[in-house]
Amino acid sequence: MRRFIASAFALLVLLPLLLAQQAADLVITNGTVVTMNNQRDVIEGGVVVIRGAKLVAVGPASLAAQFTAKKTIDARAGIVMPGMINTHTHAAMTIFRSLGDDVADRLKRFMFPLEAKFVDRQVVYWGTLHGALEMVEGGVTTFVDMYYFEDEVARAAKQIGMRGVLGETILNFPAPDSKEPYGGFALAQKFVADFRGDPLITPAFAPHAPYTLDAAHLKLIADETAKFDVPVLMHVAEMTDEVDTLRKERNQTPIEFLDSVGLLNRRLVAAHCIFVNDSDIALMKARDIGVAHNIVANIKSAKGVAPALKMHEQGMRVGLGTDGPMSGNTLDIIGQLGYVAKLHKLVNHDRTLAPSIEVVEMATRGGARALHMEDKLGSLEAGKLADVIIIDADATNLIPNYDVYATLVYGASAKDVRTTIINGKVIMEDRKVLTLDAAEVKAHMRAMAKSIAERVGPVPK
């Protein structure tokens with residue numbers, strides 16, 4: 001009888017607590033939570049709570065008692081942080097990775113002809129699936145892509161469960177998915193119509209570059225994207241020829257040219273921006289554009305280091321990108337971090353520049369700002385979308401961890417990412433991708449690559 005009374009009393013004491021608990025779908029406990037919020041809070045032993053596609057609470061260990069969850073993940077003291085955002089790539093080009101890596105004038109002499117010969121729907125689908133697998137394994141939760149057959153890119157992204165800002169490429173010559181010059185414009189219109197409102201895919205127009213479209217078509221794209229308020233993805237100020245030609249023909253920089261046709265606005269995500277001057281930067285800031293800084297691809301091509309640090313320091317919207325896997329070869333943003341910090345120190349001869357915390361910000365919150373999506377992405381805060389990664393605290397290269405930002409920038413690698421969550425869904429847990437058969441994707445890629453290798457012929461020198 002006494003035991004019954006004691007149990008009843010305990011139930012009465014606990015019942016208000018149990019009733020007060022809120023339902024959640026997923027709770028992450030015991031993490032070093034790097035929030036990337038305005039205060040840049042880092043919470044030791046912290047908790048992240050997810051319901052549906054959104055974060056509902058982020059806080060100290062005591063927070064866990066307020067929720068009852070369908071699933072709990074023990075971060076085991078690992079780094080819990082916002083997913084990385086890759087602001088510029090061509091994911092399907094994984095199929096061509098390592099082909100002709102040291103070729104001069106590679107874009108026109110090798111890349112464009114290679115794409116014309118081999119790119120079709122299957123290549124884009126499987127190439128993107130393989131690229132998305134690599135990004136998920138490396139902690140990238142959102143990628144910005146411009147390529148051909150972009151509906152296949154979207155299909156692959158949705159299959160694995162990635163968030164994508166995806167643009168159909170438009171060129172002034174025939175492309176793999178269009179026999180007519182500028183045929184990509186109509187394809188982009190259809191792509192936007194098909195995917196507007198999708199929970200994972202943000203459709204976009206992707207005019208290739210100022211040197212591959214004329215002013216009339218760029219104005220047409222500016223009008224169309226303003227009408228539907230969709231992003232514009234574009235290579236900008238990447239080539240010396242591009243700069244020289246516009247100066248000779250129009251007495252304008254690429255930035256001034258885009259402004260004159262109505263494309264320099266908040267919808268634009270401008271990739272590279274290597275050859276911009278102080279006047280360009282002031283105009284870019286005034287127009288509130290986003291910038292994708294692709295440092296590894298740019299130094300590999302020997303083009304130079306874009307003044308992205310200066311842009312970031314002036315409050316511009318600067319994120320990090322890998323470029324395509326034929327240019328930067330890898331698709332993980334964590335691998336970019338150390339290069340961004342070290343090279344900006346080097347070219348400015350100042351080791352105090354590009355502090356680790358600012359570089360991590362560019363990879364997360366900065367990427368969200370470049371996309372004008374900082375209200376949804378880029379930090380761990382209640383109300384934002386639940387794109388979260390967990391980095392292994394037990395990785396040999398991450399011990400000891402005195403400064404979490406320095407650890408991420410100078411010590412971490414893509415292979416240290418243990419868990420990737422996108423839109424509230426666990427996509428990878430303990431290094432196992434749950435939404436597709438990784439072995440099947442790799443086998444399919446090897447078979448396609450074998451076929452291409454047999455048909456590609458001699459690589460130009």
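What follows is calculated from the coordinates using simple rules that are stated; it is not laboratory data. As the structure is a prediction and not an experimental result, all values here were calculated from the model. Methodologically, a virtual Cβ is constructed for each residue, glycine included, from the backbone with ideal geometry; neighbour enumeration extends over all protein chains shown.
Assorted remarks:
- DSSP finds beta bridges in the chain, and of those with both partners inside it, around 40 percent are antiparallel.
- Candidate lysines - alpha carbon under 23 Å from LYS310, same-chain residues fewer than 8 apart omitted: LYS285, LYS300, LYS342, LYS345
- Using only side-chain charges placed at the Cβ, +1 for Lys and Arg and -1 for Asp and Glu, the dipole size of the chain relative to its Cα centre rounds to 840 debye.
- Sequence-distant contacts, meaning Cα pairs under 8 Å at least 6 residues apart, place the relative contact order of the chain at 20 percent.
- Under conditions of 25 °C and 0.890 mPa s, segment 314-461 yields 138 µm² s⁻¹ as its translational diffusion coefficient, taking Rh as the Kirkwood radius over Cα pairs in the Stokes-Einstein equation.
- Here ASP394, ASP41 are placed in order of increasing Cβ neighbour count within 10 Å, fewest first, which gives ASP394, ASP41.
- Alpha-carbon gyration tensor eigenvalues x 5, square-rooted, for segment 241-369, Å: 24, 16, 14
- Net +/- balance of residues flanking GLU242 in space, Cβ distance below 15 Å, scoring K and R +1, D and E -1: -3
- Cross-link partners of LYS117 among lysines, defined as those whose alpha carbon lies under 18 angstrom from its own and excluding same-chain residues fewer than eight positions apart: LYS108, LYS179, LYS450.
- Stokes-Einstein D in µm²/s, Kirkwood radius over Cα pairs - the chain at 37 °C with 0.692 mPa s viscosity: 144
- Likely footprinting exposure, GLU238, GLU115, GLU374, fewest C-beta neighbours within 10 Å first: GLU374, GLU115, GLU238
- Cβ crowding within 10 Å averaged over residues, with 117-127, 80-90, 96-106 ranked highest first: 80-90, 117-127, 96-106
- Segment 27-93, relative contact order [Cα under 8 Å, separation at least 6], %: 39
- Sorting THR420, THR29 by the number of Cβ atoms found within 10 Å of their own Cβ, with the fewest placed first, yields THR29, THR420.
- The residues packed around VAL140, meaning those with a beta-carbon under 12 Å from its beta-carbon, carry a net charge of -4 if Lys and Arg are +1 and Asp and Glu are -1.
- Structure-based [θ]222 nm, the chain - -39500 (n - 2.57) summed over DSSP H runs of at least 4, per residue, nearest 500: -10500 deg cm²/dmol
- Note on segment 29-166: the C-alpha convex hull projects to 10.8 nm² when averaged across all orientations.
- Taking Cα atoms only, the orientation of helix 334-348 departs from the longest principal axis of the chain by about 60 degrees.
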